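FYI, it's all coordinate maths here, none of it is from the lab. Here the structure is a predicted model, which means the values were calculated and not measured. Backbone-built Cβ (ideal geometry, glycine too); neighbour counts: all protein chains shown.
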Amino acid sequence: MGVITDETLSKYHERVEGKTVIITGAGASIGRATAILFASYGAKVVVADKSLSGVEVTVSEIRSIKGQVVGCVCDVTIWEDLVAMYDLAIQEFGSVDTVVANAGVGEIGGRMMYNPSEGRPVKPLTTTIDVNLTGVLYTVHLAQHYLQLNRPMQDMSPESLSLKSVVLLGSLASWTALTKAPMYTASKHAVLGLMRSLDASFVSRGLRITSIHPFFAATSMVPNVIRLQLAGIPLAPVPRIARTILYAATQSDPACSGAAFWVPDGGGLVLMVSKEDFKPGVYEYIDRSSNATSVYVFILSTSIQQLPYFFNFRGLVGPKYYMRRIYTITQLLWRELVIVGGFTTVVGYSIWARVFHWLCHIGR
């Protein structure tokens with residue numbers, strides 16, 4: 001179980017220069033940040049997203065930093081869209097080196113939560129499964145073909161330090177159950193299982209596959225009701241998630257294939273769960289990590305070698321926690337707070353004026 005610092009995440013960034021990187025769901029949030037990051041280090045980026053406006057914004061931002069980029073509208077649930085995306089990468093850049101299967105959605109429909117008062121259940125929407133699992137299956141299946149096109153022979157052996165890789169986006173829900181999001185949880189558990197299942201096949205062909213599992217991040221996928229419940233708890237920073245994807249794609253050590261990268265809340269560390277660490281106890285390990293009051297306290301309890309991090313304590317108690325909580329609630333509910341504050345001020349002034357008038361009347 002490795003600990004990776006923020007500084008290390010960009011350690012191998014020079015390896016992406018001139019390489020072709022395809023990123024699905026790159027029209028916003030994590031996908032956009034990842035696309036811009038790769039482009040800033042000289043990668044040739046294919047921006048794919050279901051939203052044309054999102055694609056245009058990401059492409060524009062990359063061009064503003066003189067990056068090489070091409071964009072396309074792509075619905076990952078449509079096989080033909082994905083084929084067109086890969087063909088575009090070959091047509092424009094000649095090869096594909098890294099594929100980031102980032103496109104995803106949150107829980108849509110909510111029909112898995114049965115309500116007896118509704119009588120016989122209606123057919124549930126499967127959009128979450130279609131995008132988060134079927135879309136990833138399609139993306140990875142095609143990637144195995146396109147990563148090999150126009151590839152030098154010397155780069156195809158299992159011993160080569162090839163950058164040919166696939167990075168999947170998992171979630172906190174890959175490790176634990178989100179009781180209000182069963183389909184989302186099922187899809188993200190499946191992403192982790194898919195990565196582990198394909199690892200041996202990938203390695204045998206000189207390819208690598210990894211997965212990234214962030215804590216809740218400040219993206220549109222996390223609804224405000226959940227963000228209010230998390231008020232005061234530091235979310236996983238989107239730039240750190242993007243750098244973790246970069247690290248997974250550029251760390252060419254074959255031993256990294258089959259690894260999962262856990263991006264916790266706050267802090268400045270990423271935990272790498274190698275394939276050897278996937279034993280029955282790994283779920284207990286991750287559970288303790290996600291429920292610990294501080295990632296640093298957790299590391300202290302699991303490895304005495306991490307003692308220096310204890311002195312950077314960033315727990316959920318004390319002034320910092322309450323300041324973060326107040327800031328988050330204010331950020332999400334500022335309109336409601338202004339209305340309530342204004343109403344309270346008017347009512348308070350009215351009461352004070354009546355009391356003052358009454359006291360003056362008595363004084364006479």
Label point distance in nm, residue 204-residue 78, each placed 7 Å from Cα along Cα→Cβ: 3.5 nm
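Compare the peptides 169-180, 38-49, 64-75 by average per-residue count of other Cβ atoms within 10 angstrom and give them in order, highest first. Could you put the intermediate results ahead of the total?
Numbers: 169-180: 19.6, 38-49: 25.6, 64-75: 17.6.
The most tightly packed comes first, giving 38-49, 169-180, 64-75.
Determine, from the Cβ-Cβ distance of residue 117 and residue 252 and an R0 of 41 Å, the FRET efficiency 1/(1 + (r/R0)^6), rounded to the nearest 0.05. Before the final figure, lay out each step's value.
Numbers: r = 56 Å, r/R0 = 1.37.
Efficiency at R0 = 41 Å is approximately 0.15.
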Residue by residue through region 118-127, which ³J(HN,Hα) values in whole Hz follow from phi under the Karplus form 6.51 cos²θ - 1.76 cosθ + 1.60 (θ = phi - 60°), with glycine and proline marked x? 7, x, 5, x, 8, 4, x, 6, 10, 4
Suppose R0 equals 35 Å. What FRET efficiency, 1/(1 + (r/R0)^6) with r the Cβ-Cβ distance, do residue 90 and residue 274 give to the nearest 0.05? 0.60
Estimated distance in nm for a label pair at residue 51 and residue 344, the labels positioned 7 Å out from Cα along Cα-to-Cβ: 3.5 nm
For residue 353 and residue 134, calculate 0.36 nm times their separation in residues minus their Cα-Cα distance, and state this gained length in nm to one decimal. 72.3 nm
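Order these peptides, 2-10, 192-200, 114-122, by their mean beta-carbon neighbour count within 10 angstrom, highest first.
Those peptides, ordered most packed to least, come out 192-200, 2-10, 114-122.
Please list 342-355, 76-89 highest first by mean number of surrounding beta-carbon atoms within 10 Å per residue.
Details: 342-355: 10.0, 76-89: 18.2.
Taking the mean over residues of other Cβ atoms within 10 Å, the ranking is 76-89, 342-355.
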